[in-house]
Each structure stands twice: as structure tokens, then as C-alpha cells.
Amino acid sequence: MQLFYNPNINETTETFSFDKEESKHIIKVLRKKDSDILYVTNGQGLLFKTEITLASDNKCTVQILEIEKTEAPKHKLHLAVAPTKMNDRYEWFLEKATEIGIHEITPIICDRSERKAINPERFEKIILSAMKQCNQMFLPKLNPAISLKEFIKRENSGEKLIAHCEETSKKSLKSILKAKTDYTILIGPEGDFSNKEIELALENNYIPVSLGETRLRTETAAIVACHSVVFINED
């Protein structure tokens, strides 16, 4: 199934038109024509089976034939991950986390961060493309980049964990994960969190965890955390 995306449709929508860019892709590149079937999601759990009623490369219009609702996951995973020095590694994380199943992502700027700026528009495109590619019905939320200190002071839902490499008392992530539980997990930069940052997280009720015996890259650690939470929630 080839999946398209339109955030503005819902269960009351009967017909709608794609924007010019998407319309040109549908008609000129994919060579779709009148009466062809397209599958569209709004990124909020709804799948729409639609039929093309106007095959225009300026304004491709479709009529909704059927609506299928995907049940929302019984858990929520929010990963707060420091941007990597090499931007393509962070983009890889965004793509793979979307494929595996993540709900919210926040880039966090830390004491040892080598990259302190991101391109949110490009990140959004990568997440959207991954969602469509793997037929996900929920679009992960990408938050603006924020300092770790400010992030920690915010009210984050569920169990709060910080994964770091310091040789201190930590629990294994595997040992504490529970199904149907919300998690916010902090993943630091290549140089890890500073001791001051770890102390701040612990003071704000974050639980220190280990992701294994080997030292992982930032993007790998984020994927390990993401997969672990999704795996524990599999039926």
C-alpha cells in the first residue's frame, strides 16, 4: 500500500484536494488518473480509502470511500536526544525510530553537545517520509530544540529515565520496563552527559539506567531505548 498524508482531514471530511506539490507528484510522477484509489492518513490514527475525482496536477481531488481507525498504543514513548555531530546520524535515528514506533522526540542541547542547532523542517520531512514508507498511522511529534536544563524542569509524563555511561549505580533498562507505561528517556551527546547534568536529572526524579555493557553512539542508544520500549509492549 502506498500511503499519502493530509493532516487536515478527519471523520467528517467527504472530499479534499492535495496541494500543488503533492498533486503534481501523484499525477505526473505516479501517473494516477480519475477513479484510481489512493490511501491517505491524517497522522492521527485514521486511514482513508479515497478515489480520485479530479486528476489535475495542480489540484488533485479525491472522494473518501472508507475510513479505518487504528487503535492508539497503550503506551507513550518520548525520547529526548542530543543532536549528533554528524547530522546524518541524527536523521538516521529519526527515520528508524519512526519505523519502530515512537510518539514524541525532543532534541536536547547539553553541556558537551558539539551541535547546538538543528533544521526542524528537514527533520519533519524525514519523519513524515518514514511514516508513509512503513505505513504508520500516527505521525511522531517533533518538538523544538531545547536545553537539557529547561527540558528537565518541564513536566514530562510517565516514568522518567536517563541513560548515561558514568560508572555509578544504575539499573538495566530491561529490568525496569513495564508494558502499557509512558516513558520519557534522556539520551546524551557523544561525550555523554556531564556530572552536573546527571545530578540535575536525579534531583528531578529521573532514574539512571544502563543500555548494556558496551558504549553506544548517541543514535544507537536512542534506537536501543526505542526498540526496548516497543518490544515490551508487543502482544
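Considering only residues that are over 20 Å from Thr106 (Cβ atoms) and open to solvent by less than 80 Å² (accessible area, probe 1.4 Å), which ones fall in region 220-235? Hits for region 220-235 are Ile232, Asn233. Selection within region 77-127: residues that are part of a loop (DSSP other than H, G, I, E, B) and among the β-branched types (Val, Ile, Thr). The member of this set that is farthest from Ala222 (Cα to Cα) is Ile118. In region 9-42, of all residues being among the hydroxyl-bearing types (Ser, Thr, Tyr) and part of a loop (DSSP other than H, G, I, E, B), the one that is surrounded by the most Cβ atoms within 10 Å (Cβ to Cβ) corresponds to Thr13. For region 43-82, the set of residues classified as of a type in the set (Gly, Ala, Ser), open to solvent by 30 Å² or more (accessible area, probe 1.4 Å) and under 24 Å from the mean Cα position of the chain (by Cα) consists of Ala72 only. Scanning region 137-165 for residues that are more than 20 Å from Ala201 (Cα to Cα) and either in contact (Cβ under 8 Å) with a residue 60 or more places away in the chain or of a type in the set (Val, Ile, Thr) (or both) returns Met137, Phe138, Leu139. When residues of region 189-200 are filtered for being free of Cβ contacts under 8 Å to residues at least 24 places away in the same chain and under 20 Å from the mean Cα position of the chain (by Cα), how many remain? Within region 189-200, residues that are free of Cβ contacts under 8 Å to residues at least 24 places away in the same chain and under 20 Å from the mean Cα position of the chain (by Cα) number 0.
Looking at Lys125, Lys160, Lys141, Lys132, which is the one that is over 22 Å from Phe48 (Cα atoms), among the basic types (Lys, Arg) and modelled with pLDDT of 90 or more?
Numbers: Lys125 fails: over 22 Å from Phe48 (Cα atoms); Lys141 fails: over 22 Å from Phe48 (Cα atoms); Lys132 fails: over 22 Å from Phe48 (Cα atoms).
None of the other options fit; the residue is Lys160.
Of the residues making up region 174-200, just one is surrounded by 13 or more Cβ atoms within 10 Å (Cβ to Cβ) and basic (Lys, Arg), namely Lys174. So which residues in region 129-156 are more than 27 Å from Asn8 (Cβ to Cβ) and under 17 Å from the mean Cα position of the chain (by Cα), if there are any at all? Correct list: Ile146, Asn156.
Within region 214-221, does at least one residue satisfy the condition of being among the β-branched types (Val, Ile, Thr) and at pLDDT below 95? Full working, then the answer.
So the first thing to find is which residues in region 214-221 are among the β-branched types (Val, Ile, Thr), and the list is 214, 218, 220.
Next, from what is left, pick out any that are at pLDDT below 95: 214.
Checking region 214-221: at least one residue is among the β-branched types (Val, Ile, Thr) and at pLDDT below 95.
Looking only at region 53-63, decide whether some residue is in contact (Cβ under 8 Å) with a residue 40 or more places away in the chain, more than 27 Å from Glu234 (Cα to Cα), part of a strand (DSSP E or B) and touching an Asp or Glu at 6+ places or on another chain (Cβ under 7 Å).
At the first step, the residues of region 53-63 found to be in contact (Cβ under 8 Å) with a residue 40 or more places away in the chain are 59-63.
Retained after the next criterion (residues that are more than 27 Å from Glu234 (Cα to Cα)): 59-63.
After this cut, where a residue has to be part of a strand (DSSP E or B) as well, the list is 61-63.
Now drop any that are not touching an Asp or Glu at 6+ places or on another chain (Cβ under 7 Å), which leaves 62-63.
So far as region 53-63 goes, yes, one or more of its residues are in contact (Cβ under 8 Å) with a residue 40 or more places away in the chain, more than 27 Å from Glu234 (Cα to Cα), part of a strand (DSSP E or B) and touching an Asp or Glu at 6+ places or on another chain (Cβ under 7 Å).
Answer yes or no: is there a residue in region 201-219 that is closer than 18 Å to Pro107 by Cα, under 15 Å from the mean Cα position of the chain (by Cα) and open to solvent by less than 50 Å² (accessible area, probe 1.4 Å). The answer is yes; a qualifying residue exists.
Say whether the condition of being within 30 Å of Leu3 (Cα to Cα) and in contact (Cβ under 8 Å) with a residue 24 or more places away in the chain is met by at least one residue in region 107-118. Quick ask: steps written out before the conclusion?
Restricting attention to region 107-118, the residues satisfying the condition of being within 30 Å of Leu3 (Cα to Cα) are 107, 118.
Next, only the ones that are in contact (Cβ under 8 Å) with a residue 24 or more places away in the chain stay: 107, 118.
The answer is yes; a qualifying residue exists.
Hey, could you check region 128-139 for residues that are in a loop (DSSP other than H, G, I, E, B) and in contact with a helix residue (DSSP H, G or I) (Cβ under 9 Å, 6 or more places away or on another chain) and say which is least open to solvent (accessible area, probe 1.4 Å)?
Met137
A single entry from Lys96, Lys85, Lys125, Lys116 fulfils the requirement of being among the basic types (Lys, Arg), touching a strand residue (DSSP E or B) at 6+ places or on another chain (Cβ under 7 Å) and open to solvent by 40 Å² or more (accessible area, probe 1.4 Å): Lys116.
Of the residues Ser172, Ser228, Ser194, the single one that is of a type in the set (Ser, Thr, Tyr) and touching a helix residue (DSSP H, G or I) at 6+ places or on another chain (Cβ under 6 Å) is Ser228.
The values are calculated or read from the model by the stated rules, or taken from the named source; none is laboratory data. Quick caveat: nothing in here was measured; it's all calculated off a predicted structure. When we count neighbours, we look across all protein chains shown, and the Cβ atoms used for this are built from the backbone with ideal geometry, even at glycine. We work out accessible area using only protein heavy atoms, side chains counted, and drop any ligands, DNA or RNA first. Shrake-Rupley method; radii C 1.70, N 1.55, O 1.52, S 1.80 Å.
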